[in-house]
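Written below as structure tokens is the structure these notes are about.
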Amino acid sequence: MKKNSTGPSRRAVMAGTALAAVTTTGAAAGAPSGGASGTARAVSGQEPWEPVPIPAQVPVTEYQVPVSGGGSLWCWDTGGDGEPVVLLHPGSGSGESWPYQQPVLSRAGLRVVGYSRRGAHNSVAGTRAEADTASGDLDTLADQLGLDRFHLSGSAAGGPVAVDYALSHQDRLLSLTVSGSVMGIMDAEYEELTSALQPDPFDDLPVDFRELGPSYRGGDRDGVAAWLEINARARTSDAFPQSLAHTITWSALETLTLPVQLITGDADLYSPPSLMRLNAGHLQDVETHVVREAGHNPHWEQPAAWNRLLLHFVGRHRG
């Protein structure tokens, strides 16, 4: 079942095009392939950062994609003949989380697909006992939309799903981007480290404090309010946690040979740059980027910088 639409409802503002990012590119130091460490490169705009209205959204087609156990995934698709890129939302968001990416990526020639996972906005969770894994649902969606090979980008809680999908269907991906995510890695040493970064009462703090960097919270109050609106309707009453198909470990990451891009914000409380670099050391073909003045959601907080990174990476790894 589908309907034509001009896109999910959006009321937000975006950061301007003059954004600053510190970018580290190239193979990660200590990667299994033996690649050299990356080169630090500062990219800075000269104009002050001022919030501006988001671009007009391009028309999309909306679907409800049936999945196992009576569930369905709300999906929007810009269509077209360009290479597909699928966007996996954070746990604090949904398929609504991409107003800054949808028109920019589409006008760059890509077919852009966003969707809400089970139990997120406009999707139906179905029966937990009969539900597929989150990455299995993604494969069902890709089949339903006729995606052959595609680029995959997972942010925050979408990151483990993206990695899990790559471990199952590496041959179906042109590239993998993981942004602001601890990646679901289960090694005891890593879990101890991430737990130390989130001491009690971390989970009781306001969600915007945990997920949005202080520079953004202080500089774009309207943008924070718009993000909170999406967060408020992100989870449905029937939501439940989905399992993964794989146990994600550093050794599992080392089996991936596809090109991987890791992005994080310099103020990310969950996945700071040091953690991102640690994980990059277990990937064979990887580049890393740190977006300045951003927390756990650089795609929202500094969209111009984030979009440039994704478009450049995708452009170098076309099928």
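The values are calculated or read from the model by the stated rules, or taken from the named source; none is laboratory data. Treat the numbers as computed from the prediction; the structure is a model and nothing was measured. Using ideal geometry, Cβ is built from the backbone for each residue, glycine included, and neighbour counts are taken over all protein chains shown. Calculation scope for accessible area: heavy atoms of the full protein, side chains included, ligands and nucleic acids excluded. Shrake-Rupley method; radii C 1.70, N 1.55, O 1.52, S 1.80 Å.
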Per the filter on segment 262-308, residues over 16 Å from the mean Cα position of the chain (by Cα) and hydroxyl-bearing (S, T, Y) are S274
Can you find even one residue in segment 139-146 that is within 27 Å of L278 (Cβ to Cβ) and open to solvent by less than 10 Å² (accessible area, probe 1.4 Å)? no
Of everything in segment 113-133, what is buried (at least 18 other Cβ atoms within 10 Å of the Cβ), of a type in the set (A, V, I, L, M, F, W, C) and touching a residue at least 40 places away in the same chain (Cβ under 8 Å)? Give them in sequence order. A120, V124, A125, A131
Restricting the search to segment 265-319, which residues are within 27 Å of A226 (Cβ to Cβ), open to solvent by less than 40 Å² (accessible area, probe 1.4 Å) and assigned to a loop (DSSP other than H, G, I, E, B)? A267, D268, Y270, S271, P272, A294, G295, H296, N297, Q302
Residues (over 20 Å from S251 (Cα atoms) and part of a helix (DSSP H, G or I)) located in segment 190-205: S195, A196, L197, F202, D203, D204
All but one of (1) buried (at least 21 other Cβ atoms within 10 Å of the Cβ); (2) part of a loop (DSSP other than H, G, I, E, B) hold for Y216; state the number of the condition that does not hold. (2)
Can you find a residue that is buried (at least 19 other Cβ atoms within 10 Å of the Cβ) and of a type in the set (A, V, I, L, M, F, W, C) anywhere in segment 193-213? yes
Can you name every residue in segment 66-109 that is closer than 27 Å to R128 by Cα and part of a helix (DSSP H, G or I)? S68, G69, G70
